[in-house]
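The values are calculated or read from the model by the stated rules, or taken from the named source; none is laboratory data. Keep in mind that what you see is a predicted model, and the values were worked out from it rather than measured. The accessibility values were calculated without ligands, DNA or RNA, using every heavy atom of the protein model including side chains. Shrake-Rupley method; radii C 1.70, N 1.55, O 1.52, S 1.80 Å.
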Amino acid sequence: MTVNFILNGEDVSLSADPMDRLSDVLREQFGLRSVASDCRVGQCGKCLVFMDGKLVNSCLVPAFRVRGVEIVTYEGFSSTEDHAAVHEAFERRGLDLCAFCEPAVHMTVGSLLETGHRPESDHIAEVLSSVYCTCTDPISILEAANDALDAKEGKKHARSR
């Protein structure tokens, strides 16, 4: 099966079995190493991508579901203003995440910036809990997320296409 979709702003095609996991296809066919598939059941969050603007676990998405949609991985997200705001907030807090956690945590915080309004504290904590991070304590990540939200508050947030 051939599937056409937008990947990090570019029109692409992939050949895959319809039930291949998107996470595997992104790593194997496109060489996108930020998409890890540690748990393969949607619990660790290391495979997070934006799918038509919504944060999803790509290990749970069959390849046929991406036909005609836009997928943004950390590689695409890292060139956006939202990523810059997230990165700066983590640097200000002195947080240095490992290579496994950083993409997923940064994208998760980036998804909070996309709402266009300040999320409630409970919602922020719930969204951040979608990534199982063992290299940094959750309170520090929450504080950095709040810093990023403070920096972007009142501004329009957009990912590049």
* Accessible surface, per residue, of the stretch 61-161 when the full set of protein chains is kept, probe 1.4 Å, Å² -> 51
* Can you send over the carbon and sulfur percentage of the accessible area for the chain, probe radius 1.4 Å, protein chains only? => 47
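Percent relative contact order of the chain, based on C-alpha pairs within less than 8 angstrom and at least six residues apart?
Dividing the mean separation by the residue count of the chain yields 25 percent.
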* Asked: Ignoring ligands, DNA and RNA, what accessible area per residue does the stretch 1-49 give at 1.4 Å, in Å²?
  -> 50
* Asked: Top mean-square fluctuation among Ala63, Ala125, Ala104, Gaussian network model of the chain, C-alpha springs under 10 Å?
  -> Ala125
* Asked: P(r) for the chain: what percent of alpha-carbon pairs falls in each 5 Å bin, starting at zero?
  -> 1, 10, 19, 22, 20, 14, 8, 4, 1, 0
* Using a 1.4 Å probe and counting only protein heavy atoms, arrange Met1, Met107 so the residue with the most accessible area comes first. => Met1, Met107
* Structure fact -> Measuring from the longest principal axis of the C-alpha atoms of the chain, the long axis of helix 138-152 (C-alpha) lies at a number of degrees, nearest 10, equal to 90
* Structure fact -> Taking the square root of 5λ for each eigenvalue of the C-alpha gyration tensor of the stretch 81-121, the equivalent ellipsoid has semi-axes, largest first and in whole angstrom, of 18, 11, 9
* Considering amide H positions built from the backbone, and no H for Pro or chain starts, which residues 5 or more places from Tyr132, or on another chain, come under 5 Å of its amide H? -> Gly45, Lys46
* Asked: Using the alpha-carbon atoms, what tilt in degrees (0 to 90, nearest 10) does helix 81-92 show relative to the longest principal axis of the chain?
  -> 50
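Relative contact order of the stretch 6-66: what whole-number percent is it, with Cα pairs under 8 angstrom and at least 6 residues apart?
This gives 36 percent for the stretch 6-66.
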